[in-house]
Amino acid sequence: MTLLPATVSEAALEAWGREIGSSVRAPAFFALHGPLGAGKSVLARAIARGMGVTGAVPSPTYTLVQPYEPSPGRRLVHMDLYRIEDPDEVIELGWDDFVADPEALLVVEWAERAAEHLPRDRWDVRLSPEPGAPELRRLEVERAGRPPALPTAPRGFPEHR
Ligand SMILES: Nc1ncnc2c1ncn2[C@@H]1O[C@H](COP(=O)(O)OP(=O)(O)OP(=O)(O)O)[C@@H](O)[C@H]1O
Ligand SMILES: [Mg+2]
């Protein structure tokens, strides 16, 4: 299934992220793509909130990995690969264990920088600016392999196929 591209407000993106966080079954990998300021961290933070993470959800621009365990056995690993220079650097971050964790949702900004290390089963989420509409983003969601089902499409998605 590919969801048709949608145009989303920040509120709609956050609402969708919270639903993902509260309902998607682990293990799940979300590869977030899109330029600086596209809204990847907004989505990651909303997923964290939906999972029950309270308190700060800092963007892991420098730490690269930020793990959470909001409730026993339900983990979130938020990564930001913007600063890596070689895909193999993800291995030192503990990538293989995170990807193999059956109880974790992984949400990875700049995921394409992991190149061949990306798991086969994942959701690819692309955010991009909407020309002429600074408060809106174009959102494309594509299934790769067999990731777990998503809840509903965000408001603004015309249909599934
Ligand atoms: N429709 C929208 N969806 C998401 N963010 C929006 C939207 N409209 C405006 N914004 C703003 O755009 C910014 C998105 O920043 P964010 O940190 O999420 O980007 P990012 O993709 O994570 O960038 P980086 O690559 O630097 O990590 C926020 O300031 C947010 O308030
Ligand atoms: Mg970010």
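The values are calculated or read from the model by the stated rules, or taken from the named source; none is laboratory data. Keep in mind the model is a prediction, meaning the values are calculated, not measured. Cβ sites come from the backbone with ideal geometry, for glycine too, and all protein chains shown count toward neighbours. Only protein heavy atoms, including side chains, enter the accessible area calculation; ligands, DNA and RNA are left aside. Shrake-Rupley method; radii C 1.70, N 1.55, O 1.52, S 1.80 Å.
Summary of values
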| item | result |
| --- | --- |
| Residue among 90, 125 that alone is touching a strand residue (DSSP E or B) at 6+ places or on another chain (Cβ under 6 Å) and either surrounded by 20 or more Cβ atoms within 10 Å (Cβ to Cβ) or among the basic types (Lys, Arg) (or both) | 125 |
| Subset of the stretch 53-79 (residues that are under 18 Å from residue 20 (Cα atoms) and small (Gly, Ala, Ser)) | 71, 73 |
| Criterion: open to solvent by less than 10 Å² (accessible area, probe 1.4 Å) and out of contact with any Phe, Trp or Tyr (no Cβ under 8 Å at 6 or more places or on another chain) - qualifying residue of 21, 39, 50 | 21 |
| Strands (runs of 3 or more DSSP E) contained in the stretch 20-122 and holding at least 1 residues over 28 Å from residue 7 (Cβ atoms), touching a residue at least 60 places away in the same chain (Cβ under 8 Å) and aliphatic (A, V, I, L, M) | 104-109 |
| Hits in the stretch 71-85 (condition: open to solvent by 70 Å² or more (accessible area, probe 1.4 Å) and under 18 Å from residue 61 (Cα atoms)) | 82, 83, 85 |
| Meets criteria (in a helix (DSSP H, G or I) and either modelled with pLDDT under 95 or surrounded by 23 or more Cβ atoms within 10 Å (Cβ to Cβ) (or both)) for residue 12 | yes |
| Candidates 62, 68 - the one that is hydroxyl-bearing (Ser, Thr, Tyr) and within 14 Å of ligand 2 (Cβ to nearest atom) | 62 |
| Candidates 96, 124, filtered to the one that is under 23 Å from residue 35 (Cβ atoms) and at pLDDT 95 or above | 124 |
| Residues being surrounded by fewer than 18 Cβ atoms within 10 Å (Cβ to Cβ) and within 30 Å of residue 131 (Cβ to Cβ) - total across the stretch 24-36 | 2 |
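A quick yes/no check of all residues on (1) among the aliphatic types (A, V, I, L, M); (2) within 12 Å of ligand 1 (Cβ to nearest atom):
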{"site": "52", "(1), (2)": "no, no"}
{"site": "56", "(1), (2)": "yes, no"}
{"site": "60", "(1), (2)": "no, yes"}
{"site": "63", "(1), (2)": "no, no"}
{"site": "67", "(1), (2)": "no, no"}
{"site": "72", "(1), (2)": "no, no"}
{"site": "78", "(1), (2)": "no, yes"}
{"site": "81", "(1), (2)": "yes, yes"}
{"site": "88", "(1), (2)": "no, no"}
